[in-house]
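**Student:** Got a structure here, written out as structure tokens. Questions coming.
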Amino acid sequence: MSLKHFIETQDFTKAELLDIIQTVQLIKAADKQGCTPKLLQDASLAMIFEEPSTRTRVSFEVAMTELGGHALYLKPGEIHLGVRESLADTAQVLSRMVDVVMIRALKHETVTGFAEYAKVPVINGLTDFNHPTQVVCDVLTMMEHMPEGKKLEDLNVTFVGDATNVLSSLMFICTRMGMHFTHAAPKKYQAKPEWVRIAEENCKVSGGSFRMTEDPVGAVRDADFIYTDLWWWVGQEAEIPEREKAFMPRYQVNMDLLKKAPATCKVMHCLPASRGVEATDEVLDSPQSIIYDQSENRLHTEKGLLVWFVYPRLKRPSEELKAFHKGKIEAFLEKKLG
Ligand code: CP
């Protein structure tokens, strides 16, 4: 069975991404009827975190439990990860003990370096560059909330705010799927040129479109979804005054901005949010907000991803083989007991 990692969505075709999403939908449908199949019975997931997390940490652990497996939470500083042991050694040792590894890393190179030596699938749970599990969840959420009569390739997605790791992933997956993506931000905080090149290449193949603008009002005029994210993160505290001046009030997702979009437009945020900063309470708690559906979908998405990457690799021994080994071990133990 060939080894595949989930490090960025660009490593997958539109058809493969749709296949992953279909897996998520099937498992979600089963889950909603209280019958999640135990597809990963006895499998183990190592979850390595270099940063705190609520959604990623909880969704992966619950997903693994509900699929019949087990997750180990390896919190920041808990294991050797490039300190006191090389990344290559840690990757090879964990590969002998678990069936899949999920990593949230401070640096993208930590995940790619780990994957280079891992012998089991590695899933990227966010780096300083991207957040691929989040955006698979986001596309699923958009499919569930798209305006009647529209299909995926008709959707207009407008991201208002800073060029975060969520933006890079979202613009990549949306353009790969043939959707129409706009990034509205002050010039200094717009998507990096190398990200724009990737999005534009995707559009040539998919028929989607990508544009950047400094005009948030124009950007939301046809939006089916407005997406926003934090304006600053840990380590950017010194930049807060400058960032606040650049974004506030023009790029805040508030009722004034939301009213410029179609009445069917939905608001998304990967969370955590700085309420009252990039988006107001009024918007985040409005009927147009789908932020909690989006969060719940992280759980369903992790299940689909885990099954898609791990299930084909699991050994599925026959009942006869299981009985043979059980009998052999029991006979050995019984002999010792006399
Ligand atoms: N959206 C997201 O990844 O949330 P956490 O940081 O809580 O995992």
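Nothing in this text is a laboratory measurement; each read-out follows from the coordinates by a stated rule. Because the structure is a prediction, the values reported are computed rather than measured. So basically every Cβ, Gly included, is an ideal-geometry build from the backbone, and we count neighbours across all protein chains shown.
**Student:** Could you list, in their original order, any pairs among K119/K336; K4/K38; K151/K303; K4/K150; K245/K266 whose Cα atoms are separated by more than 31 Å?
**Tutor:** K119/K336; K4/K150
**Student:** Out of all DSSP beta bridges with both ends in the chain, state the antiparallel percent to the nearest 5.
**Tutor:** So the antiparallel bridges in the chain amount to around 0 percent.
**Student:** Can you tell me the dipole magnitude for the chain around its Cα centre, using point charges on the Cβ only (Lys, Arg +1; Asp, Glu -1), in Debye to the nearest 20?
**Tutor:** 820 debye
**Student:** In addition: Counting pairs of alpha carbon atoms under 8 Å apart in space and at least six apart in sequence, what relative contact order in percent does the chain give?
**Tutor:** Once normalised by length, the contact order is 18 percent.
**Student:** By average Cβ neighbour count within 10 Å, what is the ranking of 269-280, 293-304, 13-24 from highest down?
**Tutor:** 293-304, 269-280, 13-24
**Student:** Of all beta bridges DSSP finds with both residues in segment 95-239, what is the antiparallel percent, to the nearest 5?
**Tutor:** Approximately 0 percent, going by the DSSP bridge assignments.
**Student:** Another question, then. For segment 146-289, calculate the relative contact order in percent as a whole number, restricting contacts to Cα pairs under 8 Å that are 6 or more residues apart.
**Tutor:** RCO, segment 146-289: 25 percent.
**Student:** Considering amide H positions built from the backbone, and no H for Pro or chain starts, which residues 5 or more places from Y227, or on another chain, come under 5 Å of its amide H?
**Tutor:** So Y227 has HN proximity to T158, F159, V160, M268.
**Student:** Test of understanding: ordering R104, R250 by Cβ neighbours within 10 Å, fewest first, what list do you get?
**Tutor:** By the 10 Å Cβ count, ascending, the order reads R250, R104.
**Student:** Please list 317-329, 167-179 highest first by mean number of surrounding beta-carbon atoms within 10 Å per residue.
**Tutor:** Most protected by this proxy first, the peptides run 167-179, 317-329.
**Student:** Taking the Cα-to-Cβ direction at K38 and at K4 and moving 7 Å from each Cα, how far apart do the two end points lie in nm?
**Tutor:** Calculated label separation equals 2.7 nm.
**Student:** Please list the non-local residues whose amide H lies under 5 Å from the amide H of F6, H modeled 1.01 Å from N, same-chain partners needing a gap of 5 or more.
**Tutor:** Close amide H contacts, sequence-distant or interchain: V122, I123, N124.
**Student:** If you place +1 on the Cβ of every Lys and Arg and -1 on the Cβ of every Asp and Glu, how big does the dipole about the Cα centre of segment 2-155 come out, in debye to the nearest 20?
**Tutor:** Computed about the Cα centre, the dipole is about 280 debye.
**Student:** Just want the answer: with Cβ charges of +1 for Lys and Arg and -1 for Asp and Glu, which residue in S53, P37, G69 is farthest toward the dipole's positive end in segment 35-78?
**Tutor:** With unit charges placed on the Cβ atoms, the residue in question is P37.
**Student:** Please give me the summed charge of the neighbours of A261: other residues whose Cβ is under 12 Å from its Cβ, Lys and Arg +1, Asp and Glu -1.
**Tutor:** Local charge sum for A261: +1.
**Student:** Toward the positive end of the charge dipole of segment 146-289, about the Cα centre and with charges on Cβ (Lys, Arg +1; Asp, Glu -1), which of N165, W232, L284 goes farthest?
**Tutor:** Positive-most Cα among the choices belongs to N165.
**Student:** How many angstrom lie between the Cα centre of segment 231-247 and the Cα centre of segment 60-98?
**Tutor:** Going from one Cα centre to the other spans 33 Å.
**Student:** Further question on the same structure: Which lysines have a Cα lying under 30 Å from the Cα of K335, excluding residues fewer than 8 positions away in the same chain?
**Tutor:** Excluding near neighbours in sequence, the set is K315, K322, K326.
**Student:** Neighbouring Cβ atoms within 10 Å as the yardstick, rank Y117, Y292, Y227 fewest first.
**Tutor:** Going from least to most buried by this count: Y292, Y117, Y227.
**Student:** In addition: For I79 and M255, FRET efficiency with R0 = 35 Å and r from the beta-carbon atoms, rounded to 0.05?
**Tutor:** E between M255 and I79, to the nearest 0.05, is 0.15.
**Student:** Whose amide H sits under 5 Å from the amide H of L314, counting only residues 5 or more places off or on another chain, with H placed in the peptide plane?
**Tutor:** Residues meeting the amide H criterion: none.
**Student:** May I pose another question? As I understand it, the dipole of the chain uses +1 on the Cβ of Lys and Arg and -1 on the Cβ of Asp and Glu, about the Cα centre. Which of I7, S206, F309 lies farthest toward its positive end?
**Tutor:** Value: F309.
**Student:** Provide the packing ranking of 71-77, 237-243, i.e. peptides ordered by the mean count of other C-beta atoms within 10 Å per residue, highest first.
**Tutor:** Output ranking for 71-77, 237-243: 71-77, 237-243.
**Student:** Something else about it: Summing +1 for each Lys or Arg and -1 for each Asp or Glu, what net charge is found among the other residues whose Cβ lies under 12 Å from the Cβ of V62?
**Tutor:** Cβ neighbours under 12 Å give a net charge of -1.
**Student:** Tell me what the chain gives for mean residue ellipticity at 222 nm when only DSSP H runs of n ≥ 4 count, each as -39,500 (n - 2.57), the sum divided by the residue total, rounded to 500 deg cm²/dmol.
**Tutor:** -13500 deg cm²/dmol
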